[in-house]
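Only one structure is covered here, and it is reproduced in the block below.
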Amino acid sequence: MIKKKLSKNAKKVDQFLINFIKKQNYSLLVKPMKYGVISGGKKIRSTIIFDTGKIFNIREKSLVNICAAVECIHSYSLIHDDLPCMDNDTIRRGKPSTHIKFGEASAVLAGSSLLTLAFEIIADKKYLINSEIKNEIIKSLASCSGHTGIAGGQELDLKFENKKKKLKQIIDMQKKKTGKLFNFCLFAVAAIAKKNYKEKKFLSNLGEEIGLLFQFADDFLDNKGSRKLIGKPVKKDKKKGKSTLLNLMGENKAYLYANNLKKKILRKLKKHGKKAKDLTNTIEFILERKF
């Protein structure tokens, strides 16, 4: 059931991106950009956005731009993370990484172009939401993507390799690298729903907790998952000396921590009752996923 939902949502977002890029002037970077953002991936962040939208009765049409922007940001970060100067990964989503397929220079430029495309998608005049809300969303996305978010988290991840770090430091790193984009997913929906500051803050924090849960699942998959199912090499964190919560806590304690985190997230969603059913199911899937 969840696989069907993920696939359906991914197709909607992919089609939106294909149409959006098609309307632009063609450049040599279009192929590596599409290769990085459209080909494969669960697009779980988009599903989180659609699921949260259901809580506030927001139509998918009002959210698809946000989904597309988030997938551009996520894909930009993966393209850059895979580069030889960073994590040096040659396989992504079951196929050669963008820099292997198109060369390092094209991968850097395609990743940077996806980063800027994300803001273009939200700023697009055909995206009919209140201009003040647009500005608020763009500011939040910039904060979650740059040195205070994904980029800053990746820098810490690289600097932490082969070093002993405390629990708080690793959580801070992973909340930036993974959690901040999930933070944005829920914040953007709350902004479109015209929620007050308190509710936006609540959902932003909840998003970071969902992101941390997602990172735990990623660590478990890297440790014990199947390369065929995941679509990338496994056990690479240990080989590279990555500072992960799994390495710090050990498998049993890490799973217990992650399971308690999941329960905490689900408790917070109870106030939304049946409207949160889809989001609850997605969160259940995140920790137990095999791919």
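Just a few scattered comments:
- Taking amide hydrogens as placed 1.01 Å from N in the peptide plane, the amide H of Arg92 sits under 5 Å from those of Ser97, each at least 5 positions away in sequence or on another chain.
- Relative packing of peptides 127-140, 43-56, 86-99 - highest average C-beta neighbours within 10 Å first: 43-56, 86-99, 127-140
- For segment 161-202, trypsin sites (Lys or Arg not before Pro) meeting the loop criterion (DSSP other than H, G, I, E, B) and having at most 10 other Cβ atoms within 10 Å: Lys163, Lys164, Lys166.
- For the set Lys12/Lys270; Lys175/Lys198; Lys5/Lys139; Lys42/Lys277, the pairs lying more than 25 angstrom apart at their alpha carbons are Lys12/Lys270; Lys5/Lys139.
- Inter-probe distance in nm under a simple model that places probes 7 Å from Cα toward Cβ, at Ile133 and Lys5: 2.3
- Counting 0.36 nm for each residue step from Val30 to Tyr197 and taking away their Cα separation leaves a gain of 56.3 nm.
- Coordinate range along principal axes, alpha carbons of segment 1-41, Å, largest first: 39, 17, 6
- With semi-axes defined as the square roots of five times the eigenvalues of the C-alpha gyration tensor, the equivalent ellipsoid of segment 18-176 measures 27, 22, 14 Å, largest first.
- Convex hull volume of the chain per residue (C-alpha atoms, cubic angstrom): 118
- Under 17 Å from the Asn205 label point (7 Å along Cα→beta-carbon), backbone N, segment 38-62: none
Throughout, read-outs are computed from the coordinates displayed, never taken from laboratory work. None of the values given here were measured: they were computed from a predicted structure. Using ideal geometry, Cβ is built from the backbone for each residue, glycine included, and neighbour counts are taken over all protein chains shown.
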